[in-house]
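Q: The structure is given below, and queries will be raised subsequently.
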Amino acid sequence: MEWYHSLNQPALHPPDWVFAPVWSFLYILMFVSLFLFLEAETPPENEGGKAAALALFIIQLLLNLSWSPVFFGLKNIEAALIILLLLWLFMTAAIIMFFRYSKAAAFLLVPYFLWTSFALYLNYQIFRLN
């Protein structure tokens, strides 16, 4: 964390203690959303769409899990920014697709979308300032 704390930070950077509880809450929402989505009834003609939505969710989750090792481990701010941008795009698509099967599942992803949008802003500003 010494490297991270040595970086120029944007004005809206929250204190470090905020990240763990926020991400814990968001992961709970994500997995409740996934459960509701998987439990939602799917007409046989829409099975392919449901599989595509699940694939989008899995891809965004893998991107989410790859961000920390790239940002903190590799100390590659630019690559982490690209990962976040891709994550944001796949998450947006997943929310839209989830909405077709379970409105509740889609709405539960909105806080995650908002936080990731904020993280994208923070990562961009750190990239810009350093």
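Q: Can you list residue pairs whose Cβ atoms sit under 6 Å apart, with the first residue in segment 71-89 being under 15 Å from L56 (Cβ atoms) and the second being modelled with pLDDT of 95 or more and of a type in the set (A, V, I, L, M)? Count only pairs 6 or more apart in sequence or on different chains.
A: Listed by first residue and then by second, the contacts come to L86/L63; L87/L63; W88/L120.
Q: Moving to a separate point now. Starting from residues that are assigned to a helix (DSSP H, G or I) and either acidic (D, E) or closer than 15 Å to L122 by Cβ (or both), keep the ones in segment 1-25 and report whichever is nearest to the chain's Cα centre (by Cα).
A: Among those residues, the one meeting the criterion is W23.
Q: In segment 24-49, what residues are over 14 Å from A105 (Cβ atoms), modelled with pLDDT of 95 or more and surrounded by 12 or more Cβ atoms within 10 Å (Cβ to Cβ)?
A: Across segment 24-49, the qualifying residues are F25, L26, Y27.
Q: Right, another one. Considering each residue of segment 26-55, count those that are among the hydrophobic types (A, V, I, L, M, F, W, C), farther than 23 Å from Q125 by Cα and either assigned to a loop (DSSP other than H, G, I, E, B) or touching a Pro at 6+ places or on another chain (Cβ under 8 Å) (or both), and give that number. Break it down stepwise before answering.
A: Filtering segment 26-55 for residues among the hydrophobic types (A, V, I, L, M, F, W, C) gives 26, 28-32, 34-38, 40, 51-55.
Next cut, farther than 23 Å from Q125 by Cα only: 28-32, 34-38, 40, 51-55.
Restricting the remaining residues to those that are either assigned to a loop (DSSP other than H, G, I, E, B) or touching a Pro at 6+ places or on another chain (Cβ under 8 Å) (or both) gives 29, 40.
Total satisfying the criteria: 2.
Q: Further, regarding this structure: Scan segment 1-23 residue by residue and report those that are exposed (fewer than 10 other Cβ atoms within 10 Å of the Cβ) and within 24 Å of L109 (Cβ to Cβ).
A: Within segment 1-23, L12, A20, P21 meet the criteria.
The values are calculated or read from the model by the stated rules, or taken from the named source; none is laboratory data. Every value quoted in this text rests on a predicted model; they were computed, and no experiment measured them. Cβ coordinates were reconstructed from backbone atoms using ideal geometry, including for glycine residues, and neighbour counts include every protein chain displayed.
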